[in-house]
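The values are calculated or read from the model by the stated rules, or taken from the named source; none is laboratory data. Quantities reported herein were computed from a predicted structural model and do not represent experimental measurements. With ideal geometry, Cβ positions are generated from the backbone for all residues, glycine too; neighbour counts draw on all protein chains shown.
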Amino acid sequence: MNFLVFGAGAIGTYIGGSLALEGHRVVFIEQAGIARELRARGLRLDLILDGRRRPRSRFSLKREQFSIDFTPSLKEGLAQAPFDAALFALKSFDTAAALETMAPFAGKMPPVLCLQNGVDNEDALASVLGADKVLHGTVTSSIGRRAAGDIVLERLRGIGVAAGHPLASRLVEVFNAALLNARLFPRPADMKWSKMLTNLIGNASAAILDMTPAEVFNHPGLCQLEMQMLRETLRVMQAQRIRVVDLPGTPVRLLALGARLPVSLARPLLVKTIGGARGKKMPSFHIDLHAGGGRSEVEWLNGAVVRAGERLGIPTPVNHLLTGTLCRLVSREIPLSEFQRQPERLLSVAYK
């Protein structure tokens with residue numbers, strides 16, 4: 001198949017590179033400087049964690065050896081048509097700018113598999129491309145980015161693709177041949193909201209407090225706050241008849257069950273599952289906050305819960321608090337030191 005990939009970030013490089021290893025043609029759209037660098041250097045994939053690939057598990061993909069290319073603009077990328085599908089895995093705060101770029105070429109775009117976090121991006125894509133050109137997707141594998149086009153597989157889980165589009169089954173087949181562990185899901189909202197549950201847990205509070213998720217869940221008060229945040233989200237999901245489903249390599253239903261248990265029972269479970277799953281790696285909100293770019297996906301995650309709650313008449317005070325506090329930290333409206341390693345201060349604001 002022929003794939004167009006938006007960005008050579010962690011997910012784009014992992015999936016696009018894995019497809020190229022399997023013999024598919026992949027064209028990446030990247031910033032001009034990065035595109036030039038990758039044309040000269042190619043991609044680097046460290047997949048040693050995937051025992052199925054041994055003895056060879058580190059790959060250097062050069063343009064001379066694989067059917068890959070890198071281009072600085074969508075116009076130039078589409079000139080290499082035809083494409084069977086596009087992969088869209090940018091940060092949610094980059095969606096609006098990407099859609100502006102796509103709009104003039106909407107008629108030439110292939111179907112787009114949206115692999116972003118959050119639950120609003122597919123609708124945004126459909127507003128420009130049309131619903132018939134958008135597929136819902138999720139990625140649960142954990143990928144570390146060393147540099148543009150240079151990644152390491154940190155945890156092998158898989159990819160979810162929503163059924164219903166004519167291309168969905170074919171993509172799952174192709175992804176599985178490329179050892180990406182893909183599964184079809186009959187209900188897009190179940191899949192996307194379940195993935196968002198995993199993104200929410202221990203994310204905003206860890207960023208606000210500059211603490212690891214394990215430290216957050218080891219603190220009884222913070223664990224209680226996290227459970228209230230999850231319960232709000234689950235109530236919003238239930239009101240929309242959205243079900244919690246397990247994702248590839250990710251027991252989301254167990255997480256939802258833990259959120260309903262008493263704190264004394266849930267805390268050891270959450271410390272083990274969340275702390276163990278993330279190890280010493282800080283969650284995405286913390287990484288974005290300390291990168292200093294003035295942007296965060298919290299508005300597309302906790303903020304999405306708040307907006308849905310307002311629409312449905314369901315209170316979401318903890319999600320509202322976490323969204324607002326992190327947004328103020330990101331914009332430097334309040335200094336990073338305001339809550340840094342001060343859990344009691346955050347709790348006093350939450351329960352005042």
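Kindly list the number of the only condition in (1) outside any helix (DSSP H, G or I); (2) under 29 Å from V305 (Cα atoms); (3) of a type in the set (F, W, Y) that fails for F93. Result: F93 fails condition (1) only. Quick check, is I15 surrounded by 17 or more Cβ atoms within 10 Å (Cβ to Cβ), among the β-branched types (V, I, T) and under 15 Å from L156 (Cβ atoms)? Spelling it out, I15 is indeed surrounded by 17 or more Cβ atoms within 10 Å (Cβ to Cβ), among the β-branched types (V, I, T) and under 15 Å from L156 (Cβ atoms). Count of region 1-47 residues, restricted to those that are closer than 14 Å to D150 by Cβ and in contact with a strand residue (DSSP E or B) (Cβ under 8 Å, 6 or more places away or on another chain), is 20.
Restricting attention to region 206-230, the residues that are closer than 14 Å to A266 by Cβ and in a loop (DSSP other than H, G, I, E, B) total 1.
Just one of the numbered conditions (1) closer than 17 Å to T212 by Cα; (2) touching a strand residue (DSSP E or B) at 6+ places or on another chain (Cβ under 9 Å) is not true of A291; which one? Among (1) closer than 17 Å to T212 by Cα; (2) touching a strand residue (DSSP E or B) at 6+ places or on another chain (Cβ under 9 Å), A291 violates only (2). For region 58-98, filtered to residues that are under 16 Å from F28 (Cβ atoms) and aromatic (F, W, Y), the residue that is surrounded by the fewest Cβ atoms within 10 Å (Cβ to Cβ) is F59.
Looking at region 119-205, the strands (runs of 3 or more DSSP E) lying wholly inside it that each contain 1 or more residues that are among the polar types (S, T, N, Q) sit at 134-139, 142-147.
Within region 321-334, is there a residue that is assigned to a loop (DSSP other than H, G, I, E, B) and touching a residue at least 40 places away in the same chain (Cβ under 8 Å)? No, region 321-334 contains no residue that is assigned to a loop (DSSP other than H, G, I, E, B) and touching a residue at least 40 places away in the same chain (Cβ under 8 Å). The residue pairs whose first member lies in region 61-84 and is more than 14 Å from A40 (Cβ to Cβ) and in the same structural domain as D150 (by TED's automatic domain parsing), whose second member is outside any loop (DSSP other than H, G, I, E, B) and hydroxyl-bearing (S, T, Y), and whose beta carbons are closer than 7 Å, counting only pairs six or more residues apart or on different chains, are L74/T101; G77/T71. Out of the residues in region 37-57 meeting the condition of being in a helix (DSSP H, G or I) and touching a residue at least 24 places away in the same chain (Cβ under 8 Å), tell me which one is surrounded by the most Cβ atoms within 10 Å (Cβ to Cβ). Per the stated criteria, the residue is L38. Working only within region 194-244, note down all residues that are under 18 Å from L257 (Cα atoms) and either free of Cβ contacts under 8 Å to residues at least 24 places away in the same chain or in contact with a strand residue (DSSP E or B) (Cβ under 7 Å, 6 or more places away or on another chain) (or both). Within region 194-244, S194, K195, T198, Q238, R241 qualify.
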